[in-house]
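Report on the following structure.
The values are calculated or read from the model by the stated rules, or taken from the named source; none is laboratory data. None of these values were measured; they are calculated from a predicted model. Note that we place each Cβ from the backbone using ideal geometry, even for glycine, and neighbour counts take in every protein chain shown.
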Amino acid sequence: MTAKNSFAAALKTVRKARGLSQEAFSDVSSRTYMSSLERSLKSPTLSKVAELCEVMDIHPLTLLTLAYAGGSERKTDQLLAQVRQELASVLDQEHDAP
């Protein structure tokens, strides 16, 4: 499954888990746009992801984690460990930069 398809599936999963209809996003997008996102026909901008997540009352990283881990607890743990390690590395290098 591609990242685009995984994002679409994660978006639909979270929306349904929160008991929201596509119309519930009318303040940030149209139902047609939501449908296009959930069918992998369009890709949202980062700011649009933040807006959608605000409606669903989740952090954008939660949605992206679900997209990349596919709902597997084991993959989620591995992914979060990788992210922690990469963040630590980047932040360490940032502090060491002249």
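Answer yes or no: is there a residue in the range 25-39 that is of a type in the set (Lys, Arg), surrounded by fewer than 14 Cβ atoms within 10 Å (Cβ to Cβ) and in a loop (DSSP other than H, G, I, E, B).
Our first condition is that a residue be of a type in the set (Lys, Arg); within the range 25-39, this holds for 31, 39.
Right, trim to surrounded by fewer than 14 Cβ atoms within 10 Å (Cβ to Cβ) and you get 31, 39.
Next cut, in a loop (DSSP other than H, G, I, E, B) only: 39.
Yes, the range 25-39 has at least one match.
Filter the range 63-85 down to the residues that are under 18 Å from Thr2 (Cα atoms) and in a helix (DSSP H, G or I) and list them by number. Residues satisfying the conditions are Leu63, Leu64, Thr65, Leu66, Ala67, Tyr68, Ala69, Lys75, Thr76, Leu79. In the range 9-23, what residues are hydrophobic (A, V, I, L, M, F, W, C) and either more than 15 Å from Ala50 (Cα to Cα) or not in a helix (DSSP H, G or I) (or both)? Scanning the range 9-23 gives Ala9, Ala17, Leu20. Beta carbons closer than 8 Å, at least 6 apart along the sequence or on distinct chains, pair a first residue in the range 42-56 that is free of Cβ contacts under 8 Å to residues at least 24 places away in the same chain with a second that is in a helix (DSSP H, G or I) and small (Gly, Ala, Ser) for Lys42/Ser36. Evaluating Glu94 against the criteria (1) more than 23 Å from Thr2 (Cα to Cα); (2) charged (D, E, K, R); (3) at pLDDT 95 or above; (4) in a helix (DSSP H, G or I) leaves one unmet condition, (3).
Residues in the range 40-62 that are in a loop (DSSP other than H, G, I, E, B) and either of a type in the set (D, E, K, R) or farther than 16 Å from Ser6 by Cα (or both): Lys42, Asp57, Ile58, His59.
Of the residues in the range 1-24, how many are of a type outside the set (A, V, I, L, M), surrounded by 17 or more Cβ atoms within 10 Å (Cβ to Cβ) and closer than 17 Å to Gly71 by Cβ? Final tally of qualifying residues: 3.
So which residues in the range 35-52 are of a type in the set (A, V, I, L, M, F, W, C) and within 14 Å of the chain's Cα centre (by Cα)?
Once the filter is applied, which keeps residues that are of a type in the set (A, V, I, L, M, F, W, C) and within 14 Å of the chain's Cα centre (by Cα), the range 35-52 yields Leu37, Leu46, Val49, Ala50, Leu52.
Could you say which residue among Thr45, Thr65 is hydroxyl-bearing (Ser, Thr, Tyr) and surrounded by 13 or more Cβ atoms within 10 Å (Cβ to Cβ)? Going through Thr45, Thr65 in turn, just one is hydroxyl-bearing (Ser, Thr, Tyr) and surrounded by 13 or more Cβ atoms within 10 Å (Cβ to Cβ): Thr65.
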